[in-house]
Amino acid sequence: MIRAYSPSRTVGGGTVIEPVAVKRRRADAGLGQLEVHETGSLEARLLEKLGAATKMLSTDLLAEDVGEPVLSVGEALARLAVRGTVVEPVKAKWVSDDRWAATRELVLETVRAYAEEHPSRCGVLKGSLKSGLKSSIDAALFDAAFGALEREGLLALRAERVRPGGLEWEPPAEVMASLRRLEQMLEAEGYLVPDNLACSKALGATYAEVVALGHFLGRLVRVDAELTYTQAQMDRLKSQMAEWFATHAALTVADLRGFTGASRKYAVPLLEHSDRVGWTVRVGDERKWGG
């Protein structure tokens with residue numbers, strides 16, 4: 001009620017039909033929804049709320065929005081779920097069936113498109129997939145849809161890479177051949193590897209795919225922005241370091257150059273990489289064995 005106090009009288013009144021409302025203009029199409037809020041059944045009002053939502057809504061929030069007890073709203077949502085018009089991807093969180101289906105399809109289609117565009121990669125990184133869809137899919141809704149698709153076997157996750165489920169992945173033969181060629185280039189001069197730019201020029205347009213495959217298969221190691229080594233080279237380096245520390249307490253750049261034949265240009269990045277992976281621990285200008 002709206003009352004005036006001088007003199008005391010009732011000026012007007014009404015019924016609150018939308019407790020948690022957004023500001024609307026008279027010309028807004030959304031004004032028509034207010035009729036549902038005023039005269040529609042509880043199920044109809046919940047469907048209208050969920051149909052307009054772009055993310056999952058909790059039972060408590062929906063109860064607040066429609067101004068009804070949580071228990072009544074929960075029972076109404078359960079009835080709608082039986083009819084298939086709403087979905088409960090996460091306990092006590094709801095989404096319309098249309099939004100749920102569209103979300104699942106968008107995730108699946110994005111994964112399929114990536115697999116077709118990059119056949120030499122096992123799939124798209126899950127983090128990149130989620131980030132790329134953040135403008136279209138709420139983060140929590142993405143997680144729920146992704147989990148459901150994985151459980152149903154429609155998506156497969158391997159080493160944080162996602163691909164369509166049920167499709168065996170085999171790297172293309174030509175990319176594998178290029179990977180072997182790159183490994184030969186890197187190992188030709190011991191630790192004096194050609195830099196990434198030189199390798200890119202040698203392999204041409206396939207370089208990015210080859211390197212991505214090599215990292216995924218664990219056959220290439222990125223030492224820094226300019227240098228890449230094979231895993232076999234890094235295994236040899238760790239073995240040589242272990243032999244050195246079996247009889248020495250410390251390792252310097254000059255020491256590493258001595259037993260690897262690498263110039264300072266290569267020795268410094270190799271030692272810095274060794275520090276990062278824990279083989280060595282830097283103490284001043286020397287390294288101690290990290291194991």
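None of the figures in this text is laboratory data; all of them are computed from the coordinates on show. These figures come from a predicted structure and were not determined experimentally.
Summary of computed values
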quantity: The chain - percent relative contact order, Cα under 8 Å, separation 6 or more; calculated: 10
quantity: Derived scalar couplings ³J(HN,Hα) [the range 124-133; Karplus, 6.51 cos²θ - 1.76 cosθ + 1.60; whole Hz; x for Gly, Pro]; calculated: 7, 4, 4, x, 5, 4, 5, 5, x, 9
quantity: For Kirkwood radius over Cα pairs in Å, calculated from these coordinates, the label among [x] 19.1; [y] 21.1; [z] 24.7; calculated: [z]
quantity: Too-long pairs where the Cα-Cα distance tops 24 Å, listed order kept, from 238/288; 134/201; 126/238; 49/126; calculated: 134/201; 126/238; 49/126
quantity: Computed [θ] at 222 nm, deg cm²/dmol, the chain (DSSP H ≥ 4; -39,500 (n - 2.57); rounded to nearest 500); calculated: -16000 deg cm²/dmol
quantity: Extended-chain gain in nm, criterion 0.36 nm per residue less alpha-carbon gap, residue 242 and residue 259; calculated: 4.9 nm
